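The values are calculated or read from the model by the stated rules, or taken from the named source; none is laboratory data. Fair warning: this is a prediction, and the values are worked out from it, not measured in the lab. Backbone-built Cβ (ideal geometry, glycine too); neighbour counts: all protein chains shown.
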Amino acid sequence: MDYREERIIAHIDMDAFFASVEERANSDVRGKPVVVGADPKGGNGRGVVSTANYKARAYGIHSAQPIARAWRFSEEARKKGSESAIFLPVDFLLYGRVSKHLMEILHSYSGAMEEASIDEAYLDISFVWNYKKAENLARKIKEKIKYEEGITASVGIGPNKLIAKIASGMEKPDGLTVVLPERVQPFLAPLPIREIPGIGPKTAEMLYGKKIFLVQDLRKISEAELYEWLGEWGLSLYEKARGLDTSPVCEGEEIKTIGDQETFEEDTLSPRLLSERLYVMCKNVLGSLSQGGFQTFRTVTVTVRFSDFRTFTRSHTMKNPAAKEDVLRIEALKLLLPFLDKRENPYKMRIRLLGVRIEKLA
Ligand SMILES: [Mg+2]
């Protein structure tokens with residue numbers, strides 16, 4: 001089965017960010033095992049490790065570990081003749097400053113950027129058109145970050161945010177992993193389920209109990225079953241296990257995009273039903289627009305997923321901001337119609353999911 005999506009998304013994740021920034025800022029600790037976090041108080045400290053650099057990780061130290069434990073690992077290493085780790089307090093002001101600069105750098109490469117955390121961001125780089133060029137762009141971005149801030153980043157590239165995010169974690173540090181759309185399924189299949197963002201210890205425990213350890217095991221479970229076990233989150237998991245994710249790369253932390261989507265009870269190609277549902281979504285979307293404190297939109301995006309899971313998004317940005325429901329309906333319908341005839345759907349494939357989104361809100 002072909003699950004092709006047309007976007008190209010990059011996820012950029014700094015390597016051991018806090019520790020890397022400390023190394024860069026402070027020549028005394030450069031090249032040494034560095035642990036940023038709570039005060040270890042000679043092994044009696046409470047609190048946890050925020051970030052350990054790769055030299056410290058070689059001692060068994062990792063983030064979220066109790067700081068006292070990290071201290072013991074460092075002591076063990078010292079007794080064996082290695083350098084002991086340097087423990088530093090968290091300096092949010094410094095990391096915030098560096099982060100701000102890094103985000104500016106990233107934003108200069110694409111207008112569509114989403115800050116996912118202090119040291120991670122998504123870039124929509126669909127404009128490069130192909131994965132070879134996407135890979136070259138990622139190399140440039142990595143070099144720029146290294147040159148400007150002296151730290152390394154790992155980049156993942158794929159057809160959506162989910163795949164890009166998983167990919168960026170594959171070859172850390174200083175990694176670059178490209179997952180072509182046709183490689184999404186073999187890429188995901190052998191991964192442990194914990195690699196799927198959102199599967200925490202609780203969900204994992206439940207799934208292990210059902211002998212589900214790998215993504216390929218998870219894929220054998222029906223949508224209905226996952227819904228029964230986990231509710232709405234189960235439905236989303238069903239899609240994630242197939243590498244599907246339609247969420248847009250959106251700027252800023254606030255909502256700058258408002259959308260609604262629906263997976264139909266039965267796949268359909270009925271123009272009447274589809275336009276009806278489309279209108280309902282337009283109404284919902286405009287309702288949320290005013291609730292979000294916005295009045296106008298300029299971009300309308302329609303997402304169509306066919307019964308074979310191929311997913312397409314089509315957008316149109318208007319010259320002038322619009323506010324009316326009939327404008328949204330007309331724009332959305334114009335984007336949907338080609339999927340109902342041979343322009344975008346020559347084999348009359350039925351539609352599984354339909355979504356509408358508005359962007360460039362004001
Ligand atoms: Mg990171």
Notebook entry, point to check: Limited to segment 189-206, what total is found for residues that are of a type in the set (A, V, I, L, M, F, W, C), part of a helix (DSSP H, G or I) and touching a residue at least 12 places away in the same chain (Cβ under 8 Å)?
Noted result: 2
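Lys144 - would you say it is part of a helix (DSSP H, G or I) and surrounded by fewer than 18 Cβ atoms within 10 Å (Cβ to Cβ)?
Against the criterion (part of a helix (DSSP H, G or I) and surrounded by fewer than 18 Cβ atoms within 10 Å (Cβ to Cβ)), Lys144 qualifies.
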Next item on the list: Quickly run through segment 197-232 and pick out the residues that are surrounded by 13 or more Cβ atoms within 10 Å (Cβ to Cβ) and under 24 Å from Val304 (Cβ atoms).
Entry: Arg219, Glu223, Leu226, Tyr227
Item checked: Hits in segment 120-147 - residues which are touching a helix residue (DSSP H, G or I) at 6+ places or on another chain (Cβ under 6 Å) and modelled with pLDDT under 95 -> Val128
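For every residue, the table says whether it meets (1) within 22 Å of Arg7 (Cβ to Cβ); (2) among the β-branched types (Val, Ile, Thr); (3) without any contact (Cβ under 8 Å) to a residue 60 or more places away in the chain.
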position: Glu182; (1), (2), (3): yes, no, no
position: Phe187; (1), (2), (3): yes, no, yes
position: Tyr208; (1), (2), (3): no, no, yes
position: Phe213; (1), (2), (3): no, no, yes
position: Lys220; (1), (2), (3): no, no, yes
position: Glu225; (1), (2), (3): no, no, yes
position: Leu230; (1), (2), (3): no, no, yes
position: Leu235; (1), (2), (3): yes, no, yes
position: Tyr238; (1), (2), (3): yes, no, yes
Item checked: Odd one out for Ile145, checked against (1) of a type in the set (Val, Ile, Thr); (2) more than 26 Å from Ser50 (Cα to Cα); (3) within 15 Å of the ligand (Cβ to nearest atom) -> (2)
Next item on the list: Determine which member of the set Ile61, Ile12 is of a type in the set (Val, Ile, Thr) and part of a loop (DSSP other than H, G, I, E, B).
Entry: Ile61
Checklist line | Residue count, segment 80-128 (criterion: of a type in the set (D, E, K, R) and in a strand (DSSP E or B)) | finding: 4
Checklist line | Residues of segment 14-33 classified as within 24 Å of Leu176 (Cβ to Cβ), touching a helix residue (DSSP H, G or I) at 6+ places or on another chain (Cβ under 9 Å) and within 16 Å of the ligand (Cβ to nearest atom), total | finding: 9
Next item on the list: Among what's in segment 274-297 and is part of a helix (DSSP H, G or I) and of a type in the set (Gly, Ala, Ser), pick the residue that is nearest to Ala362 (Cα to Cα).
Entry: Ser290
Next item on the list: Go over the candidates Arg7, Arg30 one by one and state the one that is closer than 20 Å to Asp174 by Cα and part of a loop (DSSP other than H, G, I, E, B).
Entry: Arg30
Check: So which of Ala70, Ala52 ends up being closer than 29 Å to Val178 by Cα and touching a residue at least 24 places away in the same chain (Cβ under 8 Å)?
Finding: Ala52
